[in-house]
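Data block below; observations after.
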Amino acid sequence: MAEVLSEDGHEVFLESSGVAGRDRVIDGPFDLVLSEILLPDLDGIVLAQQVRLAGSRTVLVALSSLTEDSHRQRGLAAGFDAYLFKPIKASALRAEIARQLGRGTTIVAAPTAAPTAAPAAPVATARRPRGVLGGLVVVAMGIPFILQPLGVPNAASYLFVAMGGAFLISYVRGHQYVYLIPMVTLTSFGVALLLPTWIALRPEAAAPTFVGVIALGFLVAFGLAPDRRWPLVPAAVLGAVSAARLVTGWSPIPALIEPFLVPVVLVGVGIYLLIEPQSS
C-alpha cells in the first residue's frame, strides 16, 4: 500500500501500532490518515476518537475487514471521514484518496499491511463537526451564569443537568458507552440537588431522596445498555443506603463519611472517563 501511494507522488509515513500512529497524527500536520480498525494495541475506533478530541481536523480514512453496516456506522460516528472495506483494489484506494483531498501531494499515515487485489469495495463517507463534546460542556458551564441573574432558584445546580445534557447529546450522536455513565450521573446529581426546589420534601426525606435519585441514574444506565451490568452495583448500594435512611432514619454509612459519598461518585466517574478503553 505504501509503495502504491509513493509511486503516485504521495509522501508516506508508516506506523505499525495504534498508539504510535495516534501520537504522530496529533503532532502532525498530516493531510490524510489511512488506518486499520483492528490494530494490536489501540483499535482504530478509539484512535479516531482521540485524534478528534485532540482537535485534529485531518482527514481520517478507515480500512477494515469488518464489513457489516454496524461497523461502518460505528467508524463514521467515531470520526472517520470514510470507511473502506478490505480487500480493496489499488485503483479504488487511489480514487478515494483523490476524492477526499483532490489531486495534490499529501502526507499519509498508513498501516503496514498491504491490501490484496479484489473488486472495488463499497465506500461510505461522512463529515461531522469536531469538538462537539468540548463545545457542549463549555455551553453548559455558561448556563448557571445566565439563570442566576434571572432569579432562578438554585441556579448553580443546573450546571450538572446541563453537563449531563452535553454527554447525552454526545451519546445519542455516537452511541459511545463511555458517555452514558457521566450522562446519567451528572443528570441525576443535578436533579437530586434541584428536587427540593421543585417539590416540597419533608426534611427527613431530603437526604435519602438525594441518594435514591442517583441510584435511579445508574438503573437508567443499565436500562439503556443492559449488556453492561456493572451499574447495578452502585445502584444497589446507593438504593440500600437511601431505603435504610428513609425507613429507619439510620444510615449504614458513618456520619463522618456520608458527606463524601457524592464527591466519591463524581470522582469515580471522572476516573472512569480517563480509563475506559472501549467505545461501543
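The values are calculated or read from the model by the stated rules, or taken from the named source; none is laboratory data. Just so it is clear, the model here is predicted, and its values are computed rather than measured. Virtual Cβ from ideal backbone geometry, glycine too; neighbours counted across all protein chains shown.
Only one of V184, V191 is surrounded by 21 or more Cβ atoms within 10 Å (Cβ to Cβ), at pLDDT 90 or above and touching a helix residue (DSSP H, G or I) at 6+ places or on another chain (Cβ under 9 Å). Can you tell me which?
Details: V191 fails: surrounded by 21 or more Cβ atoms within 10 Å (Cβ to Cβ).
V184 is the lone residue from the list that is surrounded by 21 or more Cβ atoms within 10 Å (Cβ to Cβ), at pLDDT 90 or above and touching a helix residue (DSSP H, G or I) at 6+ places or on another chain (Cβ under 9 Å).
Give segment 245-265 a look and list any residue that's in contact with a Ser or Thr (Cβ under 7 Å, 6 or more places away or on another chain) and either polar (S, T, N, Q) or modelled with pLDDT under 75 (or both), or say none. Across segment 245-265, the qualifying residues are E258, V265. The residue list V139, V172, V161 contains one member that is crowded, with 16+ Cβ neighbours inside 10 Å, modelled with pLDDT of 80 or more, at negative phi and not assigned by TED's automatic domain parsing to the domain that holds Y83, which is V161.
Counting the residues of segment 135-151 that are closer than 18 Å to I169 by Cβ and not in a helix (DSSP H, G or I) gives 0. Quick check on segment 11-22. Is at least one of its residues in the same structural domain as D81 (by TED's automatic domain parsing), within 30 Å of G135 (Cβ to Cβ) and of a type in the set (A, V, I, L, M, F, W, C)? Within segment 11-22, one or more residues are in the same structural domain as D81 (by TED's automatic domain parsing), within 30 Å of G135 (Cβ to Cβ) and of a type in the set (A, V, I, L, M, F, W, C). Scan segment 54-71 and give yes if some residue there is among the basic types (K, R) and in a loop (DSSP other than H, G, I, E, B), otherwise no. Yes, some residue in segment 54-71 is among the basic types (K, R) and in a loop (DSSP other than H, G, I, E, B).
Could you list, in sequence order, the residues of segment 223-250 that are without any contact (Cβ under 8 Å) to a residue 40 or more places away in the chain and buried (at least 18 other Cβ atoms within 10 Å of the Cβ)? So that I can check it myself, show each step before the final result.
Taking segment 223-250 first, the residues without any contact (Cβ under 8 Å) to a residue 40 or more places away in the chain are 223, 226-227, 229-230, 232-245, 247-248, 250.
Scanning segment 223-250 gives P234, A235, L238, G239, V241, S242, R245.
Taken over segment 13-36, residues that are in contact with a helix residue (DSSP H, G or I) (Cβ under 7 Å, 6 or more places away or on another chain), of a type in the set (A, V, I, L, M) and at pLDDT below 90 amount to 3.
Condition (residue is crowded, with 19+ Cβ neighbours inside 10 Å, under 22 Å from H71 (Cα atoms), under 19 Å from the mean Cα position of the chain (by Cα) and among the hydrophobic types (A, V, I, L, M, F, W, C)) applied to segment 17-38: is it met by at least one residue? The answer is yes, given that some residue of segment 17-38 is crowded, with 19+ Cβ neighbours inside 10 Å, under 22 Å from H71 (Cα atoms), under 19 Å from the mean Cα position of the chain (by Cα) and among the hydrophobic types (A, V, I, L, M, F, W, C). Considering segment 142-158, and only residues there that are without any contact (Cβ under 8 Å) to a residue 12 or more places away in the chain and of a type in the set (G, A, S), the residue that is surrounded by the fewest Cβ atoms within 10 Å (Cβ to Cβ) turns out to be G151.
Determine, yes or no, whether S35 is hydroxyl-bearing (S, T, Y) and in contact with a Gly (Cβ under 6 Å, 6 or more places away or on another chain).
Details: hydroxyl-bearing (S, T, Y): yes; in contact with a Gly (Cβ under 6 Å, 6 or more places away or on another chain): yes.
Spelling it out, S35 is indeed hydroxyl-bearing (S, T, Y) and in contact with a Gly (Cβ under 6 Å, 6 or more places away or on another chain).
With respect to the conditions (1) at pLDDT 50 or above; (2) of a type in the set (A, V, I, L, M, F, W, C); (3) over 29 Å from the mean Cα position of the chain (by Cα); (4) assigned to a loop (DSSP other than H, G, I, E, B), A98 falls short on a single one, namely (4).
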